[in-house]
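Below you'll find the structure, written out as structure tokens, and then a few comments.
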Ligand SMILES: NC(=O)c1ccc[n+]([C@@H]2O[C@H](COP(=O)([O-])OP(=O)(O)OC[C@H]3O[C@@H](n4cnc5c(N)ncnc54)[C@H](OP(=O)(O)O)[C@@H]3O)[C@@H](O)[C@H]2O)c1
């Protein structure tokens, strides 16, 4: 049997935990930030050498979009330069490198879902750092970049940042008023589905390169919140807001839907976002209250 070793870096994050799970039948060497800082090139090179993996999956990232405007060197070191190190180390080890990109590489002026061949046009330091990271990762002989967005799922007690859906679901369950954008269009993405897609590309020895990997379809955050309330069987108290009403440090794209056709052509069809949302809310991590569990319908 061939090399079954999988090195996961950034393993304590939202997606990292799902990746560790999806490769559970292989030999997984999982590093959190505490055991491996991916901006330390010497340590990364040694960790890859020691692990001798067939596959390296990078789930570590600097995801503080507004914070990146104040700390650009940190964002670039983590989201971009670390990928140069990982790509070089992957090539030396003869390993496949998997990295995750972001919808924020686009400026959000499109009117239909972005495909992989659409021109990126980053509008923030975070977005530029993610784009540079893609380029470095794709320099690896077997480099995959999966662009993902608006992640949800993952274990409770994550070390990483909370996602928009965590806040929406928590607010709905507590009966609080929940402010939601009516003019940001997203393709929300369940980390379990992204992990399964990653596994598929590896197991089928798909062609390396750039893939969009989001749950299928798209909606405004307002529509996503309405659907979450329906699944949870709660009466939502939603406060519709527009992006113009909120002052954020980094500019964000308005229309972020991504098209998954290339992934589908490689044999993996991403489930619809509302199906993914329902599965997450019904899971032990999904935050659905037990008293509403019996009444879930949809
Ligand atoms: N979340 C989203 O909605 C979203 C959207 C688009 C793209 N993505 C991309 O999807 C991927 C996974 O994101 P995620 O949401 O799972 O991230 P996450 O939950 O924020 O986890 C990222 C992990 O990386 C760790 N980390 C940060 N800097 C590090 C470093 N220098 N060395 C080693 N580890 C480091 C973090 O540790 P600390 O918490 O200790 O810093 C955290 O455990 C990333 O590439 C991200 O950019 C995510």
Checklist entry - What residue, among those in region 63-83 that are outside any helix (DSSP H, G or I) and surrounded by fewer than 18 Cβ atoms within 10 Å (Cβ to Cβ), is farthest from the ligand (Cβ to nearest atom)? => result 66
Checklist entry - Which one is surrounded by the fewest Cβ atoms within 10 Å (Cβ to Cβ) among residues in region 35-51 that are within 11 Å of the ligand (Cβ to nearest atom) and touching a residue at least 12 places away in the same chain (Cβ under 8 Å)? => result 39
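Listed here are the residues, each with its yes/no results for (1) surrounded by 16 or more Cβ atoms within 10 Å (Cβ to Cβ); (2) more than 13 Å from the ligand (Cβ to nearest atom); (3) outside any loop (DSSP other than H, G, I, E, B); (4) at pLDDT below 95.
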site: 158; (1), (2), (3), (4): yes, no, no, yes
site: 165; (1), (2), (3), (4): yes, no, yes, yes
site: 169; (1), (2), (3), (4): yes, yes, yes, yes
site: 180; (1), (2), (3), (4): yes, yes, yes, no
site: 199; (1), (2), (3), (4): yes, yes, yes, no
site: 202; (1), (2), (3), (4): yes, yes, yes, no
site: 207; (1), (2), (3), (4): no, yes, no, no
site: 214; (1), (2), (3), (4): yes, no, no, no
Checklist entry - So which residues in region 22-34 are more than 8 Å from the ligand (Cβ to nearest atom) and either surrounded by 14 or more Cβ atoms within 10 Å (Cβ to Cβ) or not in a loop (DSSP other than H, G, I, E, B) (or both)? => result 22, 23, 26, 27, 28, 29, 30
Checklist entry - Do the conditions hold for residue 60, that is, is it in contact with a helix residue (DSSP H, G or I) (Cβ under 8 Å, 6 or more places away or on another chain), at pLDDT 95 or above and either farther than 20 Å from residue 139 by Cα or within 10 Å of the ligand (Cβ to nearest atom) (or both)? => result yes
Next on the checklist: Here are the criteria: (1) assigned to a helix (DSSP H, G or I); (2) within 14 Å of the ligand (Cβ to nearest atom); (3) without any contact (Cβ under 8 Å) to a residue 60 or more places away in the chain. Tell me which single one residue 86 does not satisfy.
Outcome noted: (3)
Checklist entry - Restricting region 246-255 to residues that are at pLDDT 95 or above and surrounded by fewer than 23 Cβ atoms within 10 Å (Cβ to Cβ), which is nearest to residue 199 (Cα to Cα)? => result 255
Item to check | Filter result for the condition that a residue is more than 10 Å from the ligand (Cβ to nearest atom) and modelled with pLDDT of 95 or more, over 126, 114, 100 | outcome: 114
Item to check | Hits in region 139-154 - residues which are more than 9 Å from the ligand (Cβ to nearest atom) and either at pLDDT below 70 or in contact with a strand residue (DSSP E or B) (Cβ under 8 Å, 6 or more places away or on another chain) (or both) | outcome: 140, 142, 143, 144, 145, 153
Item to check | Total residues in region 100-142, condition assigned to a loop (DSSP other than H, G, I, E, B) and either touching a helix residue (DSSP H, G or I) at 6+ places or on another chain (Cβ under 7 Å) or in contact (Cβ under 8 Å) with a residue 24 or more places away in the chain (or both) | outcome: 18
Checklist entry - Only one of these conditions is not met by residue 239: (1) farther than 24 Å from residue 9 by Cα; (2) in contact with a helix residue (DSSP H, G or I) (Cβ under 8 Å, 6 or more places away or on another chain); (3) assigned to a strand (DSSP E or B). Which number is it? => result (2)
Next on the checklist: For the structure I just gave you, tell me whether residue 181 is under 20 Å from residue 254 (Cβ atoms) and touching a helix residue (DSSP H, G or I) at 6+ places or on another chain (Cβ under 7 Å).
Outcome noted: yes
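The values are calculated or read from the model by the stated rules, or taken from the named source; none is laboratory data. Note that the structure is predicted; figures quoted are calculated from it, not measured. All Cβ positions, even for glycine, are placed from backbone atoms using ideal geometry, and neighbour counts span all protein chains on display.
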